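Student: Input: one structure, supplied below.
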Amino acid sequence: MVTLVTKSKSSVVLNTTLNRVPHIAISYWIIKIAATTLGETGADHFSHTLNLGYAKASLLFMGVFFALLLIKLAIKKYDPIIYWLVFTSTSIVGTALSDYMDRTLGLGYMWGSIVLMAGLLLTLSVWYVCEKSIAVEYIMTARAEIVYWVAFLFANTLGTAAGDYLADDAGLGFAMSAGIISVILFMTVLLHFYTRLSTVLLFWIAFIFTRPFGATFGDFLTKNADQGGLDLGTLGSSVVFVVMLVIFVGMEHRAHQTRQLK
């Protein structure tokens with residue numbers, strides 16, 4: 001069994017079964033992008049295609065998020081299936097909330113992004129004050145995990161607003177926005193491998209920008225040709241990414257079980 005060792009006046013060894021979150025590897029980012037894209041297409045399916053509206057969709061998926069989070073907190077460990085269910089719910093809630101703020105409340109994409117960025121920075125500050133770190137690979141307590149998920153919820157909501165701002169208000173379109181964000185993500189990867197910049201800082205840059213990448217990619221798939229999209233529809237696109245999530249989360253679940261046996 002792999003262990004995490006911390007040094008103090010007396011050495012303390014923590015079994016990784018106490019950890020509540022996954023290791024950050026390539027598979028994490030693949031699943032995250034699929035989940036964030038599903039968040040965009042899934043929320044749009046309920047808000048637009050089913051005419052539920054932004055407010056009702058936000059309340060519905062916020063309820064789902066809280067229910068799943070309670071289950072996640074109760075099990076007190078990392079389980080890939082429940083972890084990614086919670087994560088995907090933050091992505092869907094983020095899309096619905098962003099659209100509600102930006103369109104129904106009339107904040108617009110720019111001011112919505114500013115408000116959400118302020119909320120994210122405040123949450124990260126609270127996280128650092130409480131835990132003395134904003135690292136995301138080792139979360140051992142319920143308090144740390146709650147702040148972790150609040151930060152992820154803000155980041156996913158921010159990503160939707162920022163992606164919509166680039167595609168609509170900035171006039172770049174969905175394909176161009178996804179291209180620009182891809183360049184930013186590629187540069188972040190290079191900085192990770194070839195510089196000594198903080199891995200925590202680079203994680204949060206990548207985390208924030210993979211959200212608008214997923215959002216703009218989701219819009220690119222679902223919007224009609226006049227809006228610069230492929231017009232695949234919200235339901236069809238959502239089904240594709242549900243299948244992707246089932247496959248990749250299933251692979252992660254098997255890999256996690258193998259690691260636990262070592």
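The values are calculated or read from the model by the stated rules, or taken from the named source; none is laboratory data. What you are looking at is a predicted structure, and each value in this text was computed from that prediction instead of being measured. Neighbour counts are summed over all protein chains in view; Cβ atoms, including those assigned to glycine, are modelled from backbone coordinates with ideal geometry.
Student: Limited to the range 139-174, what total is found for residues that are surrounded by fewer than 17 Cβ atoms within 10 Å (Cβ to Cβ) and out of contact with any helix residue (DSSP H, G or I) (no Cβ under 6 Å at 6 or more places or on another chain)?
Tutor: Residues flagged as surrounded by fewer than 17 Cβ atoms within 10 Å (Cβ to Cβ) and out of contact with any helix residue (DSSP H, G or I) (no Cβ under 6 Å at 6 or more places or on another chain) within the range 139-174 amount to 5.
Student: Out of ALA161, ALA155, which single residue is part of a helix (DSSP H, G or I) and touching a Lys or Arg at 6+ places or on another chain (Cβ under 7 Å)?
Tutor: Working: ALA161 fails: touching a Lys or Arg at 6+ places or on another chain (Cβ under 7 Å).
So the residue among ALA161, ALA155 that is part of a helix (DSSP H, G or I) and touching a Lys or Arg at 6+ places or on another chain (Cβ under 7 Å) is ALA155.
Student: Okay, moving on. In this structure, is LEU60 without any contact (Cβ under 8 Å) to a residue 40 or more places away in the chain, more than 20 Å from VAL240 (Cα to Cα) and either within 18 Å of the chain's Cα centre (by Cα) or in a helix (DSSP H, G or I) (or both)?
Tutor: Here the answer is yes, as LEU60 does meet what is asked.
Student: Among the listed residues THR41, THR36, identify the single one that is touching a helix residue (DSSP H, G or I) at 6+ places or on another chain (Cβ under 8 Å) and at pLDDT below 80.
Tutor: From the options THR41, THR36, the qualifying one is THR41.
Student: Just one of the numbered conditions (1) surrounded by fewer than 20 Cβ atoms within 10 Å (Cβ to Cβ); (2) within 28 Å of ILE30 (Cβ to Cβ) is not true of LEU107; which one?
Tutor: The failed condition is (2).
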